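The values are calculated or read from the model by the stated rules, or taken from the named source; none is laboratory data. As the structure is a computational prediction, the values presented were derived from the model and not from experiment. Neighbour counts are summed over all protein chains in view; Cβ atoms, including those assigned to glycine, are modelled from backbone coordinates with ideal geometry. Accessible surface areas use protein heavy atoms only, side chains included; no ligands, DNA or RNA. Shrake-Rupley method; radii C 1.70, N 1.55, O 1.52, S 1.80 Å.
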Amino acid sequence: MIDIQNLTKVFNDGSSRVVALEDVSLRVENGEVFGIIGMSGAGKSTLLRCLSVLEKPTTGRVLLDGEDLAALSGGALRCARRKMGVVFQGYNLLMQKTVAENVAFPLKLEKGYDKQAVATRVQELLSLVGLADKASAYPAQLSGGQKQRVAIARALATRPEILLCDEPTSALDPLTTKAMLALLQDINRKLGVTILIITHELAVVKAICGRVAVISDGRLAETGEVTQVFTNPASAETRRLLGREE
Amino acid sequence: MAQFFSQYGALLAEGVWESVYMTLATTAMAYVLGLPMGVLLTVTKRGGIAAAPRFHAVFGWIINILRSLPFLILMIFVIPFTRLLLGTSIGLNAALVPLTISASPFIARMVEQSLEEIDSGVVEAAECMGATRWQIVTRVLLVESVPSLLRGLSISIITILGYTAITGAFGAGGLGNLAYRFGYQRYQKDVMYACIVLLILLVCAIQIIFDLSARRADKRNR
Ligand SMILES: Nc1ncnc2c1ncn2[C@@H]1O[C@H](COP(=O)(O)OP(=O)(O)O)[C@@H](O)[C@H]1O
Ligand SMILES: [Mg+2]
């Protein structure tokens, strides 16, 4: 379970000061598909980077199963990170490694890993994402959707509790997006992995999310069940996203 | 022509061998020093995986100072050190000392440049998977940059070959030494021209071999 408490993130590079997130609190329960939606520049990626400990909160806390992520370092931090899988918008695959090697990468970080077990797990993951026949291909030979599938397989390798996805479909065409969302839903249902999905597309949230948080200018505009929030928007930002601007 | 080769062939062959020996030995030693230096420069940068901006600035300055010394001056400057190390300051092996000292900082910058080309997102992905800094260096940085490192290696070898010509003029042997002795001291232009042709052939061979291997190593273009 992820518990975000009064998270504020300020970027201060000398002259300019950007408040990317301001007093954001929300909770992602185990097993749900949670969406975070907002316009470009709203602070969505910053939120995800705080969750994956690529950024430290300026104030406030991010708790993973009750543990304050910012307080961890060394082995404890690496351990916590392996409980979260991250899927990036730009895939971030190793371009000089095959698909199978990319998926095996997180597994081979462990000391004294079992070669046979890794090979089996990689096969299993590639079948799960529908890329069993691409094991020895290189990322440059794949389409965007296929690359994102590799990234998802890689993120799932360590059997994380939660999958953090930053705009996983915004570089994909509508048909590929649909297949990608179906895959994520499948992963949630079959493996019970919690999914946090960040997006600026309403359709993505409507398609697979149970609950949604709307974020605008670094602040939380509203949170709730998707059906509730979209049929009965409480904030101006939600109405704007729905295209029902006053 | 036949007469020229029967007279000077052995000498030229020896010159080629000496040049190649100095170049390869220097390259190997300079990479032993320069590769870790380049990695250190990259990881200590602001926002790097072992950010230490002050250390980075000081280290960068030291490398810049070493690089700004003309090779000829450095070579004379390190003579006492060479003597201390090898007991002599002349000959093939003695030349390796200034050559290595001069090439290492150059290689450090080449390596840094190669590592810089890697998308920071890939490094962040590895961090998110729980990789240690050492694992990031050995499994991401040095792996993703292989094609670029190979291209840097070819530039380094050619540059070092150029340096060996200077040590050659100072009696260290090699094609530079031949060209200097025959072309400059004895006005025997034919030997000098032969040396120049051989040097050009060497450079071309190095360039072709490494361009090819860099292209074959790069999995991004297929
Ligand atoms: N490293 C950074 N330094 C300075 N400002 C940043 C940095 N990262 C993000 N920002 C700023 O924070 C705000 C939110 O950015 P981001 O989280 O990327 O938004 P989103 O993902 O919703 O489009 C933007 O105004 C952006 O310019
Ligand atoms: Mg973003």
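What percent antiparallel are the DSSP beta bridges of chain A, to the nearest 5?
Looking only at bridges with both residues in chain A, the antiparallel portion is about 55 percent.
Any idea how many Lys pairs in the range A:93-159 come in under 16 angstrom at the alpha carbon, given 8 or more places apart or on separate chains?
4
Report the paramagnetic label zone for B:THR138: residues of the range A:102-119 whose backbone N is under 15 Å from a point 7 Å from Cα along the Cα-to-Cβ axis.
From the range A:102-119, the list is A:108-113.
Relative contact order for the range B:1-145: what percent, with Cα pairs under 8 Å and sequence separation of 6 or more?
Contact order relative to length: 30 percent.
Extension gain A:GLN141-A:ALA76, at 0.36 nm per residue separation less the Cα-Cα distance, in nm?
Full extension from A:GLN141 to A:ALA76 adds 19.7 nm.
Rounded to a whole number of µm²/s, how large is the Stokes-Einstein D of the range A:1-80 at 20 °C and 1.002 mPa s, given Rh as the Kirkwood radius over C-alpha pairs?
Estimated diffusion coefficient is 161 µm²/s.
Buried accessible area between B and A (1.4 Å probe, both chains summed, ligands and nucleic acids excluded), in Å² to the nearest 100?
So the total buried area for this chain pair works out to about 2100 Å².
Kindly state, as a whole number, the per residue volume in cubic angstrom of the convex hull around the alpha carbon atoms of the range A:104-246.
Cα-based convex hull of the range A:104-246, divided per residue, equals 133 Å³.
P(r) of chain A in 10 Å steps, Cα pairs, percent per bin?
It works out to 7, 31, 35, 21, 6, 0, 0, in whole percents.
What FRET efficiency do you get for A:ALA182 and A:ALA132 if R0 is 30 Å and r is their Cβ-Cβ distance, rounded to the nearest 0.05?
0.95
For the protein assembly as shown, what % of the accessible area comes from carbon and sulfur atoms, probe 1.4 Å?
58 percent
Would you mind estimating how fast the range A:93-159 diffuses translationally, via Stokes-Einstein at 37 °C and 0.692 mPa s with the Kirkwood radius over Cα pairs, in µm²/s?
In µm²/s, the coefficient rounds to 284.
Once you put a point 7 Å from the Cα of A:THR120 and another 7 Å from the Cα of A:VAL10, both along the Cβ direction, what distance in nm separates them?
5.3 nm
So, in Å, what gap is there between the alpha-carbon centers of the range B:46-107 and the range B:158-198?
Rounded to whole Å, the Cα centres lie 24 Å apart.
Go through the range B:135-149 and flag every residue whose accessible area shrinks by 50 Å² or more with all protein chains in place compared to the isolated chain (probe 1.4 Å).
Residues passing the criterion (a loss of at least 50 Å², heavy atoms only) are B:ARG139, B:GLU144.
So what's the net charge close to A:VAL19: Lys and Arg +1, Asp and Glu -1, counting the other residues with Cβ under 14 Å from its Cβ?
-2
Kirkwood-based Rg over Rh for chain B (C-alpha set), two decimals?
We get a ratio of 1.06 for chain B.
What is the pair-distance distribution P(r) of the range A:38-162, computed from all Cα-Cα distances in 5 Å bins starting at 0, with each bin given as a whole percent?
Using 5 Å bins, I get a P(r) of 2, 10, 19, 20, 17, 15, 11, 5, 2, 0 for the range A:38-162.
Tell me the Kirkwood radius of the protein assembly as shown: reciprocal of the mean inverse pair distance over distinct alpha-carbon atoms, in Å.
After inverting the mean inverse Cα-Cα distance, the result is 25.9 Å.
Just grab the label-to-label distance for B:LEU86 and B:TYR187, each label 7 Å out from Cα along the Cβ direction, in nm (one decimal).
If labels sit at B:LEU86 and B:TYR187, their model points lie 3.4 nm apart.
Taking 40 Å² as the minimum loss, tell me which residues in the range A:86-100 lose that much accessible area going from the chain by itself to the full protein complex (1.4 Å probe).
A:ASN92, A:LEU94, A:MET95, A:GLN96
Roll a 1.4 Å probe over the protein chains and send me the accessible area per residue for the range A:93-159 in Å².
Per residue, the range A:93-159 has an accessible area of 42 Å².
I'd like the FRET efficiency for B:LEU201 and A:LYS111, computed as 1/(1 + (r/R0)^6) with the beta carbon distance as r and R0 of 56 Å, rounded to 0.05.
0.70
What FRET efficiency comes out for B:ILE208 versus B:PHE77 if R0 is 30 angstrom and r is the Cβ-Cβ distance? Round to the nearest 0.05.
0.25
In Å², and per residue, what accessible area does chain B have when probed at 1.4 Å with the other protein chains present?
51 Å²
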